[in-house]
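Notes for the one structure printed next.
The values are calculated or read from the model by the stated rules, or taken from the named source; none is laboratory data. As the structure is a computational prediction, the values presented were derived from the model and not from experiment. When we count neighbours, we look across all protein chains shown, and the Cβ atoms used for this are built from the backbone with ideal geometry, even at glycine. Only protein heavy atoms, including side chains, enter the accessible area calculation; ligands, DNA and RNA are left aside. Shrake-Rupley method; radii C 1.70, N 1.55, O 1.52, S 1.80 Å.
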Amino acid sequence: MLEIHIATIFPEFFNSSLRVGNIKRSLEKNLVHIEIHNLRDFTSDPHKKVDDKPYGGGSGMVMTPEPFFKLCFHITGTETPEDARNLAEIILLTPRGKLFDQATAEELSKTKKKLIFLCGRYEGIDERVAEYLSTRQISIGDYVLSGGEPAALVIIDAIVRLIPGVVGDYESVEKESFSENLLEYPQYTRPENFMGYKVPKILLSGNHRLIDAYRLERRIIDTYNRRPDLFEKFIQKKENLDIARRFLRNFLLDSEKNDQTR
Ligand code: SAM
């Protein structure tokens, strides 16, 4: 069972979000165990204060290192950061971290270690937590959130749905966007004709060879257009480059024709 711990000063943030969908299912099936810890329970400050002014001046408050270290020792039953890091993936959420992606979600979903998410608030967390306690620093995107809690939730959701048994149709998870560095193909459902907007004919043909080819083409063209960074990775493999060339040649020729007739 994957054991997940969240360190926060706002435990109530998680009240409803862990009670729905795949996270709820993973808890009910005992595939995942999640514990929320209030950092204020791990400070020696008599007023349960967990922040202080920044050394060197500057605006705002910085979270003190003590509650983060104490909490990780408590969760892992250790007394040193080295021992805690051996037993747990200690993930510091920060805009200064490595950008979260599907590959990291897959890696974390397979870990045998406990996962501990450290959520910051205010101006962030004393850098000694990053340097001496955390095993990795993760950002969920190039923007600044008010706290690490939404980031922890995003990452936990992405991890949990990769654990076999959580999502009913595991095959659907394996074929989603970002697998093989391609976005997923677009999906359609009933009705076939909605206000005159029609489902692509090929999907109604019943010819699975043609449908597979159409879907692969859409994956390649959409990735090429929207996510050149992913597309670059996809064509690193020679066989992928050949496939991409074939589909894109037609696509680029069609776009040229459309431009000329406009
Ligand atoms: N002053 C910090 C900076 O500019 O890097 C931002 C602090 S932010 C207001 C407070 C907390 O939100 C951070 O300590 C971190 O835990 C979390 N956070 C904000 N943006 C994030 C992001 N993109 N990814 C992950 N965590 C984030």
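Tell me the trypsin sites (Lys or Arg not before Pro) within segment 1-73 that lie in a loop according to DSSP and have at most 14 other beta-carbon atoms within 10 Å.
Working: sites: ARG19, LYS24, ARG25, LYS29, ARG40, LYS48, LYS49, LYS70; in loops: LYS29, LYS48, LYS49.
In loop regions of segment 1-73 (DSSP not H, G, I, E or B), the sparsely surrounded trypsin sites (Lys or Arg not before Pro) are LYS29, LYS48, LYS49.
Under 5 Å between amide H atoms, partner at least 5 residues away or on a different chain: which partners does ILE9 have, H built in plane at 1.01 Å?
For ILE9, the qualifying residues are LEU39.
Using a probe of 1.4 angstrom, how much of the accessible area of the chain is carbon and sulfur, in percent?
On the way: 8010 of 15820 Å².
About 51 percent, which is the carbon plus sulfur part of the accessible surface.
Starting from 0.36 nm per residue, how many nanometres of slack lie between ARG40 and LYS233 once their C-alpha separation is accounted for? Before the final figure, lay out each step's value.
Values: separation 193, 0.36 × 193 = 69.48 nm, distance 4.37 nm.
Full extension from ARG40 to LYS233 adds 65.1 nm.
If a/c stays under 1.5 just call it rounded; otherwise compare a/b with b/c (prolate if a/b is bigger, oblate if not). Do that for segment 88-143, with a ≥ b ≥ c from the square roots of the Cα gyration tensor eigenvalues.
oblate
Can you give the relative contact order of the chain as a percent, counting alpha carbon pairs under 8 Å and 6+ residues apart? If you can, show how the numbers build up before the last one.
Values: 352 pairs, mean separation 44.6, N = 262.
With pairs under 8 Å counted, the relative contact order is 17 percent.
Could you pull out the trypsin sites (Lys or Arg not before Pro) across segment 83-182 that fall in loop regions by DSSP (anything but H, G, I, E, B) with no more than 11 other Cβ atoms inside 10 Å?
Numbers: sites: ARG85, ARG96, LYS98, LYS110, LYS112, LYS113, LYS114, ARG121, ARG128, ARG136, ARG161, LYS175; in loops: LYS110, LYS112, LYS113, ARG121, ARG161, LYS175.
Within segment 83-182, the qualifying trypsin sites (Lys or Arg not before Pro) (loop, at most 11 other Cβ atoms within 10 Å) are LYS110, LYS112.
Which value, in Å², gives the accessible area per residue of the chain when a 1.4 Å probe is used on the protein heavy atoms?
Values: 15820 Å² over 262 residues.
Heavy-atom SASA per residue in the chain reads 60 Å².
For the pair LYS201 and LYS53, how long in nm is the line joining their label points, each one 7 Å along Cα→Cβ?
Taking the two extended label points, one gets 7.4 nm.
Report P(r) for segment 2-170: all Cα-Cα distances, bin width 10 Å, range 0 to the bin holding the largest distance, values in whole percent.
Calculated P(r), rounded to whole percents: 10, 39, 37, 12, 2, 0.
For LYS257 and GLN187, calculate 0.36 nm times their separation in residues minus their Cα-Cα distance, and state this gained length in nm to one decimal. Don't skip to the answer; put the middle values down first.
Working: separation 70, 0.36 × 70 = 25.20 nm, distance 2.69 nm.
Once the chain is fully extended between LYS257 and GLN187, it gains 22.5 nm.
Assuming a strict under-30 Å limit between Cα atoms, what lysine pair count do you get for segment 1-89 once near-sequence pairs (fewer than 8 apart, same chain) are dropped? Show your work: numbers first, answer last.
Numbers: LYS24/LYS70; LYS48/LYS70; LYS49/LYS70; LYS53/LYS70.
Going through segment 1-89 pair by pair, I get 4.
In segment 118-211, what chymotrypsin sites (Phe, Trp or Tyr not before Pro) fall in a loop by DSSP, with at most 11 other Cβ atoms inside 10 Å? Let's see the in-between values first.
Details: sites: TYR122, TYR132, TYR143, TYR170, PHE178, TYR188, PHE194, TYR197; in loops: TYR122, TYR143, PHE178, TYR188.
Answer by residue number: TYR143.
With labels modelled as points extended 7 Å from the Cα through the Cβ direction, what inter-label distance (nm, one decimal) is found for ASP101 paired with TYR143?
With each label placed 7 Å out from Cα toward Cβ, I get 2.1 nm.
Not counting the cut sites, what is the longest span of the chain without GluC sites (Glu not before Pro) that DSSP labels loop and that have at most 12 other Cβ atoms within 10 Å?
On the way: sites that count: GLU79, GLU192.
After excluding every exposed loop site, the longest remaining stretch is 80-191.
Could you pull out every one of the lysines with an alpha carbon less than 26 Å from that of LYS237, ignoring same-chain neighbours closer than 8 positions?
LYS98, LYS110, LYS175
For a quick check: with amide H placed at 1.01 Å from N, whose amide H comes under 5 Å from GLY97's, ignoring anything fewer than 5 positions away on the same chain?
Placed amide hydrogens put SER139 under 5 Å from GLY97.
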